[in-house]
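All remarks here apply to the structure that follows.
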Amino acid sequence: MIKSRGMKVKFSLCMLLMSGLFAFAMLAAGEQQQTDKVARANVILKQLTNEIPKGGPHEVRILTATVAPGAASPWHTHVSPPIVYIIRGTLRLEMEGQPAVTLTQGQGFVESVGVVIRAVNPSNSEPAEVVIVQVSDPAKPFLDEVKR
């Protein structure tokens with residue numbers, strides 16, 4: 001629960017920023033439909049979470065990644081939930097103790113805090129391109145690698 005008015009404003013601004021980033025990603029991916037020369041935003045993902053860090057200040061991180069065909073990220077965890085948007089290709093998120101989730105172009109996903117996860121490009125020929133947004137304590141790393 002957000003206790004002070006200042007924190008409510010910061011949280012609202014953070015959510016507005018993330019919404020804007022997803023709308024921008026849609027435009028960049030060529031998925032945005034235009035009518036009457038006005039860009040219209042499409043909702044990609046609506047998900048409730050209690051995992052956004054409280055307090056502050058926070059660092060907003062926007063990352064892009066290209067995952068080569070057949071490649072995978074290392075197994076890792078996050079201290080703050082990354083929000084993933086697939087610009088192109090397919091990405092399979094493999095999570096310890098949970099079923100894998102396959103995402104394709106135009107889909108998004110909020111990764112959970114503390115879950116051991118890795119991203120795999122299941123394609124043999126097409127790279128996967130993603131945009132990742134994370135709001136985190138500036139002193140914390142984007143991810144913590146887990147040895148397996």
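Could you identify the single residue in Gly97, Gly20, Gly70, Gly30 that is at pLDDT below 55, surrounded by fewer than 16 Cβ atoms within 10 Å (Cβ to Cβ), farther than 17 Å from Val135 by Cα and not acidic (Asp, Glu)?
Values: Gly97 fails: at pLDDT below 55; Gly20 fails: farther than 17 Å from Val135 by Cα; Gly70 fails: at pLDDT below 55.
Checking each option against the conditions leaves just Gly30.
Right, Gly106: within 12 Å of His78 (Cβ to Cβ), of a type in the set (Gly, Ala, Ser) and in a loop (DSSP other than H, G, I, E, B) or not? Against the criterion (within 12 Å of His78 (Cβ to Cβ), of a type in the set (Gly, Ala, Ser) and in a loop (DSSP other than H, G, I, E, B)), Gly106 does not qualify. When Val131 is tested against (1) in a loop (DSSP other than H, G, I, E, B); (2) touching a strand residue (DSSP E or B) at 6+ places or on another chain (Cβ under 7 Å), exactly one condition is not met: (1).
Considering the conditions (1) of a type outside the set (Ser, Thr, Tyr); (2) surrounded by fewer than 15 Cβ atoms within 10 Å (Cβ to Cβ); (3) over 16 Å from the mean Cα position of the chain (by Cα), Pro122 is excluded by exactly one of them, (2).
The values are calculated or read from the model by the stated rules, or taken from the named source; none is laboratory data. Just so we're clear, the structure is a prediction, and the values are computed from it rather than from any experiment. In this analysis, Cβ positions are derived from the backbone assuming ideal geometry, glycine residues included, and neighbour counts consider all displayed protein chains.
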